[in-house]
Structure formats: structure tokens, C-alpha cells
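Just so it is clear, none of the values below were taken in a lab; they were calculated from the coordinates. It should be emphasised that the depicted structure is a prediction, and the values quoted were computed from it without experimental measurement. Cβ atoms come from the backbone with ideal geometry, glycine included; neighbour counts cover every protein chain shown.
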Amino acid sequence: MHLDGYNDEHLFKLLQDGSETAFNAIFNRYSKRLYVEAYNRLQDADEGNDIVQEVFFWLWERKHSLEQPQCLKAYLVQVVRNKCVDLIRKKTSTRDKKQQYTWLADTYTTTSPIENKELGRQLTAAINSITPASRQAFEQLYLYKRSLKEIADEMNINVQSVKNHIHRALKVLRENLKHSLS
């Protein structure tokens, strides 16, 4: 059965009924377009191909539960975009964890436990010397990874004030720690 002349709506209904031929027709019709979308977002040919395969696997697995989209092409492009965003987030998270691990490994392999304890004491003293509002902004940004806007909303101040608090906190830390770290 050759379905290339069928419209998307008819193909999708056949797909929902379990037609592999309809699935193949949808794949042939849109896989190149979806690959271009994935490649443009990821700038990686292998990852682009993986995303397209994942989207079509996803489509086949959920064929019975999906509702008929108004525009199949736009629907599939959006699924590709979402999968790309997920992959980018995952890669960013993994890269951040690797950077943190590397930084921690470097820190702990180049200092003795006594040096670490002293540096920790000095760091705690330096942090305690920051004014409470500046310390709160600093901790929210660097320890809890909150955005400037989130911090501003929580502290009920504007974003520029948050920046000023963080600038003051960093200045105090630099002043108090410059001899310890040199």
C-alpha cells in the first residue's frame, strides 16, 4: 500500500490504527525537515540524527494516545525543539557537575586538611563580615543558583540593588581573603 499521496490527517489516523506504512510515509515526509531543525539547534550531526530517531520512536510508542494535531509538521517540529532543549539542559547540567567536580578535586588535592580547615575558617569569617542583605543576595546567587530577578523579588528590591549587594559582598570577600589566597 503506497500512501505518499495521502494528507497528514489521513496518515495520522492510519498511524493511530497501528499502520506501519503510514508511519513510514510520515517518516519519509518529515525526517529531513526535522533533522534540519535539530541540527540547527544542536550544531551536531549525530545528535541531530539521534533526536529525529527519538522523536519517531516517541511518535510510534504514543500513537494510540496522541490526539490529531492541527498541523502534523508543526507538531513534530515542536517535539524536536522540546527534545533539543531537554538535551541541551542535560548536557549543561552534566558539564556544570564535571566543572564543579574538577574544581573540588583541584582544591582538595592541592591543599592539606589543615590548610583547608584554616581557609574554611577564614572564608566563614569573611562571609560573616558581609552585611546581612549583601550576604543574602550573595548566597542566593552563588550557593542556591537563583536568578537576579528571583532574588530581587524575594528581597522586595530591584535587580540593580541586588547587583549592588553582590558587588559589595564580593568586594568584602576579596579584601578579607586576598592575603589568604596569595
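Restricting the chymotrypsin sites (Phe, Trp or Tyr not before Pro) of region 131-177 to loop positions (DSSP other than H, G, I, E, B) with no more than 14 neighbouring Cβ atoms within 10 Å leaves Tyr144. Stretching Glu20 away from Asp153 to a fully extended chain increases their span by 42.7 nm, per 0.36 nm per residue minus the current alpha-carbon distance. Karplus-derived 3J(HN,Hα) values for region 164-173, using 6.51 cos²θ - 1.76 cosθ + 1.60 with θ = phi - 60°, are 4, 4, 5, 4, 5, 4, 5, 4, 4, 4 Hz; glycine and proline are entered as x.
Per residue, the chain reaches -26500 deg cm²/dmol at 222 nm when only DSSP H runs of four or more residues are counted, each adding -39500 (n - 2.57).
Remark: Leu141, Leu76, Leu123 ranked as Leu123, Leu141, Leu76, counting other beta-carbon atoms within 10 Å and listing the fewest first.
Over the chain, the fraction of Cα-Cα pairs per 10 Å bin, rounded to whole percents and listed from the shortest bin up, is 8, 22, 19, 14, 15, 13, 7, 1. Sequentially through region 26-38, phi angles give Karplus couplings (6.51, -1.76, 1.60; θ = phi - 60°) of 5, 4, 4, 6, 10, 4, 5, 5, 5, 4, 4, 4, 5 Hz, Gly and Pro residues having no value and appearing as x.
Sparse packing (at most 13 other Cβ atoms within 10 Å of the Cβ) combined with a DSSP loop state is found for none of the GluC sites (Glu not before Pro) in region 130-182. Close amide-amide hydrogen proximity is noted between Arg146 and Leu141, each under 5 Å apart and 5 or more residues distant or on a separate chain (H modeled in the peptide plane; Pro and chain starts excluded). Of all stretches in the chain that contain no trypsin sites (Lys or Arg not before Pro) in a DSSP loop with at most 16 other Cβ atoms within 10 Å, the longest one is 63-144. Here the chain is assigned +1 on the Cβ of each Lys and Arg and -1 on the Cβ of each Asp and Glu. Its dipole about the Cα centre then comes out at about 880 debye.
Net length available on complete extension from Leu66 to His10 is 18.7 nm, with 0.36 nm assigned per residue and the Cα-Cα distance removed. The mean sequence distance of close C-alpha pairs (under 8 Å, at least 6 residues apart), as a share of the length of region 112-177, puts its relative contact order at 41 percent.
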